Structure formats: structure tokens, C-alpha cells
Amino acid sequence: MSNAIPKFSFGGSTIKSEEDLASLEGGSKREDKYFRPGTYQLNITKVEYQGSASDDRWGKFLLHLEGTGGKTIRSQVMVPFRDVAFTGKNGKNTGYPYSKFKNFMSALGIVVTVPTLETVLTEVFTNPDKTLVGRDLSANIGYQGNYVGYMGKDEAGIKKYNITMKDGSILSDASGKVMTFPEFEAALHHAEVNAIEVRKFVDVLDYNEGKAGVASSNW
């Protein structure tokens, strides 16, 4: 058995740069490019009308939002056209879409009431390219289901990931020990093999109340 030290030669290495290394480690480039859970100041850069909702008395608008560092995210807002109540696929009325709509409007500083609803909607959503694009608002961003969570690095400097469930608990093994993974992709693979549905990207969960204002065509 030879104890000779082998020659160092990286000519055939699959990792050619620090960028390649970051990709291999997982997470660093992803974290720089995408939003992580938290509260952000965002700017509305584009608004698309997507057509009627399942209850055709309501419509769907897709917001394109941008934060610091050029990070972007999209969020759908349901808007009433003919009724405040929303009839779900089960045939029952619900007020949840309207509460979400009011939450978005409050982020713009606009208080909506049933008596003023038609006037406000006409001013704000008839031409959203003029009334909404360019507006700033605060939003809470996070995962709407199970997701792969980043736990930082251990004493050896190795990154650790877990699978965080929708209720906030962390996936553990049969002995109750929290399961950790050295790479984002390894956690995803474990979830897939064990039929655990995980969200790969964050969503806008809700908006924060903005400065009070009045809807106006002079925005």
C-alpha cells in the first residue's frame, strides 16, 4: 500500500468558479434571487386582468411586484364586480375573498365600505395601469404550505436544511429527532420520496395597512 501523496490536479473538475460552487452548495444563489419569508416594501410594476373568477360576479387581477435588489413576485387579487358575497364551488357564500380584497385596498391607504364600493372600484380598477402601477405597499411574504427551511450552518460550516410543515412544526424521524439535510435539493428529494407536498416558492400572504388616502383619478 502506497502512502505517496497524490498530485493535485483540478483540470477536470466539474466546478470551475465560485459561482459554480455556490450553485453546488445550494441556497446561496437561490436566496439572492428570490424573496425569503419576511415583510417587504414593494412596488407595483404591472397589473394584468385575468378574467372572471369561478364566481363570475368577481374578477381576477395579477399584480407584478418588485422589491429591493430587483427581486420580483406576483400576487393575484380578487375584485368584486357585481356582488360583495362570493359563491364558492360548493354553492355556499363566503366573505373571505372580500376580506382579502379589503386587505389589499388598506395597503394602498384606501378604506372601502359597501356604500362607496362601486365608486372606489370604478376609480381604481377601470384603468389600473394609471392608478396602480408605480404604487408602493408593504406585504408579508411566506410559504402557504410545507416548505424546505434553511437552518444556517453547523460548527463545520456545512449548511443545514429541514422540512417545515404548514403548522410550523419541523419534520422529525421516528425517534423524534429533527431531520436535517446538507442541501436544498436533498430535502426536496426526501419530501418527494415520502409524498410530502412542499412549496418551492414563497407567496404574498397578506398586506400591511398603508397611509390613509382617498381614491382619485389624479393619482
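Taken together, the values in this text are just the output of simple stated rules run on the coordinates, not laboratory data. For clarity, every value in this text was computed on a predicted model and none was experimentally measured. Don't worry about glycine lacking a Cβ; one is built from the backbone with ideal geometry, like all the others, and counts go over all protein chains shown.
Ordered by residue, what ³J(HN,Hα) values in Hz, to whole numbers, does region 197-203 give under the Karplus form 6.51 cos²θ - 1.76 cosθ + 1.60, where θ = phi - 60° and Gly and Pro are x?
Computed from phi, the couplings for region 197-203 are 6, 10, 8, 8, 10, 7, 10 Hz.
Which value in deg cm²/dmol, rounded to the nearest 500, describes the helix-derived mean residue ellipticity at 222 nm for the chain, given -39,500 (n - 2.57) per DSSP H run of n ≥ 4 and division by the residue count? The partial results should precede the final answer.
Details: 6 runs with 49 residues, N = 219.
Here the helix-only value at 222 nm equals -6000 deg cm²/dmol.
For a distance above 18 Å, tell me the whole-number percent of Cα pairs in region 38-142 that qualify.
Distances greater than 18 Å cover 48 percent of the Cα pairs.
Go through Lys89/Lys200; Lys46/Lys102; Lys102/Lys159; Lys33/Lys159; Lys71/Lys92; Lys153/Lys211 and tell me which ones have a Cα-Cα distance over 29 Å in this structure. Show your work: numbers first, answer last.
On the way: Lys89/Lys200 27 Å; Lys46/Lys102 20 Å; Lys102/Lys159 41 Å; Lys33/Lys159 18 Å; Lys71/Lys92 38 Å; Lys153/Lys211 40 Å.
Pairs exceeding the cut-off: Lys102/Lys159; Lys71/Lys92; Lys153/Lys211.
Can you order the peptides 69-78, 96-105, 6-15 by their average number of other Cβ atoms within 10 Å per residue, highest first?
96-105, 69-78, 6-15
Using a basic spin-label model with each label point 7 Å from the Cα along Cα→Cβ, how many nm lie between Asn90 and Thr119?
The answer from the label model is 3.7 nm.
Round to a whole angstrom and tell me the spacing of the C-alpha centers of region 50-82 and region 112-126.
That distance is 17 Å.
Just the number: Rg to Rh for region 114-219, Cα atoms, Kirkwood Rh, two decimals.
Working: Rg = 21.5 Å, Rh = 17.5 Å.
Radius of gyration over Kirkwood radius for region 114-219 works out to 1.23.
If contacts are Cα pairs under 8 angstrom and at least 6 residues apart, what is the relative contact order of the chain in percent?
Once divided by the residue count of the chain, the mean separation gives 22 percent.
Hey, what D do you get for the chain in µm²/s if you plug the Kirkwood alpha-carbon radius into Stokes-Einstein at 20 °C and 1.002 mPa s?
Once the numbers are plugged in, D ends up at 103 µm²/s.
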